[in-house]
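The values are calculated or read from the model by the stated rules, or taken from the named source; none is laboratory data. Predicted model, so just to flag it, every value in this text is computed and none were measured. Here Cβ is always computed from backbone atoms with ideal geometry, including for glycine, and neighbour counts include all displayed protein chains. Note: areas computed on protein heavy atoms with side chains; ligands, DNA, RNA excluded. Shrake-Rupley method; radii C 1.70, N 1.55, O 1.52, S 1.80 Å.
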Amino acid sequence: MKPHRLCMTHHLVLSYGLHQKMEIYRPHKAYPIELAQFHSADYVEFLHRITPDSQHLYASELTRYNLGEDCPVFDNLFEFCQIYAGGTLDAARRLNHKICDIAINWAGGLHHAKKCEASGFCYINDLVLGILELLKYHARVLYIDIDVHHGDGVEEAFYFTDRVMTVSFHKYGDLFFPGTGDIKDIGEREGKYYAINIPLKDGIDDTSFTRLFKTIIAKVVETYLPGAIVLQCGADSLARDRLGCFNLSIEGHAECVKFVKKFNIPLLVTGGGGYTKENVARCWAVETGVLLDTELPNEIPKNEYIEYFAPDYTLKVPNLNMDNLNSKTYLSSIKVQVMESLRYIQHAPGVQMQEVPPDFYIPDFDEDELDPDERVDQHTQDKQIHRDDEYYEGDNDNDHDDGTR
């Protein structure tokens, strides 16, 4: 989960020139009050306060908030949370304001975090925060999760409402983390039938996974009619992942992204798990290409991290030769049960839309008001929006000093 895998992804995206086909923004760091739209204020405050040097003073709080073991306290933990959560919040707002059709935050997707505690290296649940933001403008939001682990934090947050449908494809059984996500878990009260779990066994391959995925998601979209979709693309469902146990190729994983994109519904895409970092970077670069309708050459261009992709320096990673423990009978029974649940949803739920709550005020600055003699520090500069035109090359390069600008 180290940010290094995000650096590798970023450099792959740049080396393939994908940045020239989209707008790139530096998100704001989420404010504590924004994080507290889902998380309890005392938990947010504790994350803000705790440091590796001071943690020995807070033994009971560490236990209460589940910090330690899988959720270690590290330097700049809170800033780390602010950055990835800010990315997902800004992505949701851009979709809400129709500034874009698709927004990507590969740093987001930390789906295990709960209202009052961390879980599975997830401290702040950016997905829940992003969905809450989308609900300001959309009556219904569909959440899809293809991480190898169950999207328990997101499901739990919306378990009692019909305004969010959660669909999670994950490994289930054998005491696999987090241990939730049985097909029988379908939501409760107003949310009954609006949580869908697809529990899978070891070794599922591209053909089995994509066939099941397309069948279920097509029916979900047709039945639920979401106004926006959030897609969590955890890459630990790939073959060769250090923690995962599925046998998906990057092409198989990306096929799911391609399928969701075709609905032409406002789409927020995030990362998630993924513990063989060179394959995580490969996967998310390919999926960035898919979202831009761009097929990438298999040979990886030279970039700062090229040696991590040795010895072949290629994008494609072959599947493993492993048994698929998901029989056709088992997968068919899952499909039947899910379709049966969807039958209970007679039509998409309506919602009485009230006045839309305002987006949080994000302090900005006016360049004209800046004192030209006063040095602008890097942190202030970083708050500026970074657009794709700052990466132009050739005649359009903003750095060209041709006397015309």
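Could you tell me the ratio Rg/Rh of region 156-210? Both radii from Cα atoms, Rh via Kirkwood.
1.03
If the only charges are +1 at each Lys and Arg Cβ and -1 at each Asp and Glu Cβ, what is the size of the charge dipole of region 3-344 around the Cα centre, to the nearest 20 debye?
Values: 34 positive and 44 negative charges, 203 e Å.
For this selection, approximately 980 debye.
Treating region 227-341 as a set of equal point scatterers at the Cα positions, no solvent, please give the Debye-formula log₁₀ I(q)/I(0) at q = 0.09, 0.11 Å⁻¹.
Log10 of I(q)/I(0), two decimals: -0.29, -0.43.
What is the packing order of peptides 322-335, 33-46, taking the mean over residues of other C-beta atoms within 10 Å and listing the highest first? Please report the intermediate quantities before stating the final value.
Numbers: 322-335: 14.0, 33-46: 18.3.
Descending packing order for the listed peptides: 33-46, 322-335.
In the chain, carbon and sulfur make up what percent of the accessible area (probe 1.4 Å)?
Ligands and nucleic acids excluded, carbon and sulfur reach 49 percent.
Expressed in nm to one decimal, what extension gain is obtained for the pair Lys115 and Phe263 from 0.36 nm per residue of sequence separation less their Cα-Cα distance?
Between Lys115 and Phe263, full extension yields 50.1 nm more.
Would you mind computing the Rg to Rh ratio of the chain from its alpha-carbon coordinates, Kirkwood style for Rh?
0.97
At 7 Å along the Cα-to-beta-carbon direction for both Lys136 and Ile345, put a label point, then send me their distance in nm to one decimal.
Taking the simple label geometry, Lys136 and Ile345 are separated by 2.5 nm.
Keeping every protein chain present and rolling a 1.4 Å probe, give me the accessible area per residue for the chain in Å².
Details: 19890 Å² over 405 residues.
So the chain comes to 49 Å² accessible per residue, rounded to a whole number.
Of Lys201, Lys302, which has the most accessible area with a 1.4 Å probe, and how do the rest follow in descending order?
Highest to lowest solvent-accessible surface, that is Lys302, Lys201.
For n ≥ 4 DSSP H runs only, could you compute -39500 (n - 2.57) per run for the chain, divide by its residues and tell me the 222 nm figure to the nearest 500?
-10000 deg cm²/dmol
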